[in-house]
Every structure is written in structure tokens, then in C-alpha cells.
Amino acid sequence: MKKFKNYVGKKLAIVALSAVIISTTAGFSNPSMVTYAAETGKTGSGTEAGTGSSEDAVISSKDTDIMLTGVNAPAASYGTATTIGFVAKVKGEGYITSISPVVTAEFPFESDDAAYMVVEGDTSTKELKANYNFVVRQDVTTGYHAVGFQIEYVKDGNEFSVVKTVNVKLEGVPDTTASTEEPTTEAGPVSTPRVIVTGYDTDVDKVLAGDNFKLTLHLQNTSNRTAVSNMKVSMAAANGEFLPTSGSSTQFISSLGAGKTTDITIEMSALATLEPKPYVLTVTCNYEDGDANPFESVENISIPVYQEARIKISEVTVSPDMITVYNQGSVSFNINNLGKSTLSNVQARIEGNSLECEEAFVGNIAAGAAGYADVMITGTQATTDDGTVKLIITYEDSSGEECTYEEEITVFVMEESFDDEFYYEEMPEENPGMPLLAKLGIVLAVLVVLAIAVVVVIIIVVKNKKRKAAEEAEALEDEIDEDLLIDADKER
């Protein structure tokens, strides 16, 4: 009998312990450290968040390209600081562009600067490390809280967005007041209505800095029992990156039924000075339930902004000035990047009917800088028109998309001709008749010079002979006169 009592006692203890464990954990979510939201590709200009159940989200996340490693999510208490850290990795070919927290009404931390911090990557980021230092809210409830992180990445040339959720165990303010009132039989609130942003669309493929665009938000009342009314939807960027083109950034919705969705559209302008990267736009929804109880929901969406590439060609030089058929020349010029984003993998070539070209690789050109290009060309036929050819620049913009810039320049190709003197000295074998004529000309010139010299010599000789004969005749006359005088003297 004693053994039977001990056996029954053990069974009752096990049942009681099980009941305690079940009642303790009944209000908590799944204690696994990391869960995943459904991954959605950004096709066109839209971004859609997953709208299925949590089970569907976990199933669809099995095919995601992003995984979290080294997750650090220690437990924390109300009013204290804690750090959530992890490393996001992209599988296969692709790169991560940014990581930002998903701040909603259920966000268990204070909405300070850390809650809106965006960790940015670039085209070479395969792994992106994120560390967020949060302060736990004073009104947090005890249990596991899901903290979502929106990860933007590019794979196979397409942009994607996925939300990864890290579950953090938090301890709220303990209830020190014991209720002495009799239990009431009045029913509590049916449900807390929550309005969330399920996604957004833009009327353009890319939001360019300095341009206007129409933003359409998709809103949903997640409550399946309670309708909301008197809803005010406000949109604001942290530093005024996006501003309404006219009117206000606030819109009004009279009512939204339980489980219903609605869209609002507003035309906005992106500041011209924005750098190419994602920017956070905060969407705040204030609304009431059927009993006029006020509620507020805060959502963040990330809008990537791109800078339009601006190129200017300067100092175009064609060397030599006249390119001949089958001979080479070069066209050199500067490529000036007047935009605010880097031009990657810049290449230059020239297309024309009278020439062939070797494509020149320039490399990357930073914003506000210039790149030098020297393109080698070969003449194929003489130019028969005004000599206009196309100078084509290809590059990749800040989004990795390949772009082309074209400009017209003038290059003339002439038929090959030979200068006479150059022809005599360099290629005498191609025209043997020309050197003979040249030699004959030289001989004739020499003969003429010799003839002139002979004539001059003859003239000089004749003059000398005449002068000498005159001198001799004068001397002879003097001698005769002297002899005559001598004879006369003798006769005397």
C-alpha cells in the first residue's frame, strides 16, 4: 500500500510540474534564436513583403539566398542596453547592399538612432557584419520578442529584399501588485488592431536623385475581427531625403475593415544631392478602433536612390591629322565624370565606315574625376563623307547596370600618297624611271655649270692675252723710239 501511495505521489508530482511548465511558457513565442520571413524579389519598381502565415514564411525561407551566422542575441531586462549581432552571407553569385532594422509597433527597443541605423555594403560585399546596440523599452513584456532585420541584396542582376528575424529573450517590469478583487466575468478586448505596410511600388524603375516619383504604399489591417477608422498616415524621412512635390506628406483614410487592404499614393521628390544608396522612409499610422481607442503603428521602408551618370568628352586629339589607308593612328580624349557616383569598368571605342578600332579599357572613374582614353584606329578606306564617326563609351552605373554614352567626332582617312623626295630616298625600287630622270637633270645642270665656267675662263684668258699683247706692243714702241734716238745721236 505504501509503494502504491509513493507511485501515485510521483505521478501527481510529474503532472503538476508539467502543468507549471506549460502555464509558464504559454505566452511565449518559439524560443529558437533565428526565424526567417519570406523572401521577395523586387521586380520592376515594387517591393512586396510576405503576407502569408509564419509557417508559410519559414517554408519559403528555405530557398532564401541569405543566411545569418554568428548570431549574438543575449537576454536583457527593461531599461538596459543589449547588443544584437550577426553576419549576413549571400549564397552563390551576388552581393549585399544594406541591412536595416524593421521598426514596428512591436519593436521592443527604444526608437533612437540605433533603431534606424543602416549598415551598407557594396558590389564586393559577400558577407556583411551588423552590430546593433539597443536599449530595451521600459514597457517591454517578459518573453521572447522577434526583432526583424531587412536585408537588401542583388543576385543575377536582380534586386531582392528579405527579412530575417532574431528572437531575443527580454524581461519586463515584474507585477508586484497582487489583486484582491473577485474575478470578473466580463470579456476582455477582442483583439488589438494593427495596420502594417505590406509593400510599396514606384512608377519608375529607378528613383533618381533630383527626380520626382509616385510612391504607392500597400496597407493592411491584420486584425480579422476589429475594423479601424479615422486613420492618419504620415510619411517622413530622417533628414528630409524625400519631400512631397505639393501639399502635405499626410493622407487620411476614413475606415479600413478587418483583414482589408488599401493603397495610398503620393508624389515625392528625391533631393538632388543624395548619394546612391538606400534611404529609410518612416510611415506612421494613427487610427482608432470601434470604441474610439487610439492606436499608433510605425513602419520603415527602404527606398534605393540612384544618381544619373553625367559624362562629358574633352580634349579630343587625332594623331596624325590625316590617317591614310592601311596605316594606324590614334584618337585620345578625356572622359569627365560630372555625376555623383563612380563609373565602373569604363571602355571606349570608335565606329565608322572608313576605319577599324581596338577597344580601349579605361577602368573606374570616381565622381568629379576624369579618365584618359587612347583608342588605336586603322584606316580601311578613304573617307567619302564629312568624316563623322561615333565615339562610344560603355560603363556600369551605381546599380551595376551597363550603360552607353555616344558622341560624334570627325576623323578623315585619305588614300596613301608619296612625296617625290621621300619616294626617291625610301622606295627607289618601286619606280626605277624617276631616279634616271633625276640623274639626267643633275648631269645637265652640271654641264651647264661647266659650260658657264669654260666661257668665263675663255673670256678671262682672252682678256689677259689682249692685255699682254698691248703691253708688249707698248714696250716695242718704246724700244723703237729709244733706238731711233740713239741713231740720231750717232748721226749728229
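Computed from the coordinates by the stated procedures, all read-outs in this text should not be read as laboratory data. All values derive from a computational prediction rather than experimental measurement. Neighbour counts are summed over all protein chains in view; Cβ atoms, including those assigned to glycine, are modelled from backbone coordinates with ideal geometry.
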If I take every Cα pair under 8 Å that is 6 or more residues apart in region 311-414, average their sequence separation and divide by the length, what percent do I get for the relative contact order? 30 percent
Part-to-part distance (alpha-carbon centres) for region 354-401 and region 75-111, which is given in Å: 46 Å
Given the Cα-Cα distance of Val449 and Asn224 and 0.36 nm per residue of separation, how much length would full extension add, in nm? 68.9 nm
So Glu356 and Ala75, fully extended at 0.36 nm per residue minus their Cα-Cα distance, gain in nm 94.3 nm
Over region 310-365, relative contact order from alpha-carbon pairs under 8 Å, at least 6 apart, %: 30 percent
Would you please give the residues with an amide H less than 5 Å from that of Thr125, counting only those at least 5 places away or on a separate chain, with H modeled from the backbone geometry? Ile96
Using the Karplus equation 6.51 cos²θ - 1.76 cosθ + 1.60 (θ = phi - 60°), what ³J(HN,Hα) coupling, rounded to whole Hz, does each residue of region 381-395 give in order, writing x for Gly and Pro? 7, 5, 5, 10, 10, 7, x, 6, 10, 9, 9, 10, 10, 10, 7
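First select every other residue whose beta carbon is under 15 angstrom from the beta carbon of Asn286; then total the charges, Lys and Arg +1, Asp and Glu -1.
In short, -2.
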Residue by residue through region 255-263, the couplings from Karplus 6.51 cos²θ - 1.76 cosθ + 1.60 with θ = phi - 60°, in Hz, x for Gly and Pro, are 7, 9, x, 4, x, 8, 10, 8, 10
Amide H to amide H under 5 Å from Ser223: which residues, 5+ apart in sequence or cross-chain, H placed 1.01 Å off N in plane? Arg194, Gly259
I'd like the per residue volume of the convex hull spanned by the Cα atoms of region 297-385, given in cubic angstrom. 122 Å³
Could you tell me how far the Cα centroid of region 114-173 sits from the Cα centroid of region 281-311, in Å? 18 Å
Pick out, in residue order, every one of the GluC sites (Glu not before Pro) in region 321-416 that is DSSP loop and has at most 16 other C-beta atoms within 10 Å; say none if there are none. Glu359, Glu401, Glu415, Glu416
Please give me the summed charge of the neighbours of Ile264: other residues whose Cβ is under 12 Å from its Cβ, Lys and Arg +1, Asp and Glu -1. -1
Considering amide H positions built from the backbone, and no H for Pro or chain starts, which residues 5 or more places from Gly199, or on another chain, come under 5 Å of its amide H? Ala49, His218
Got a sec to turn the phi values of region 214-229 into Karplus ³J(HN,Hα) couplings, 6.51 cos²θ - 1.76 cosθ + 1.60 with θ = phi - 60°, whole Hz, x for Gly and Pro? 9, 9, 10, 9, 9, 10, 9, 8, 6, 6, 9, 10, 10, 8, 10, 8
Taking Cα pairs under 8 Å and at least six residues apart, what relative contact order does region 86-132 come out at, in percent? 56 percent
Take the residue pairs Lys129/Lys277; Lys91/Lys214; Lys169/Lys260; Lys169/Lys277 and return only those whose Cα atoms are more than 23 Å apart. Lys91/Lys214; Lys169/Lys260; Lys169/Lys277
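What does the charge add up to near Asn345, with Lys and Arg as +1, Asp and Glu as -1, over the other residues with Cβ less than 11 Å from its Cβ?
-3
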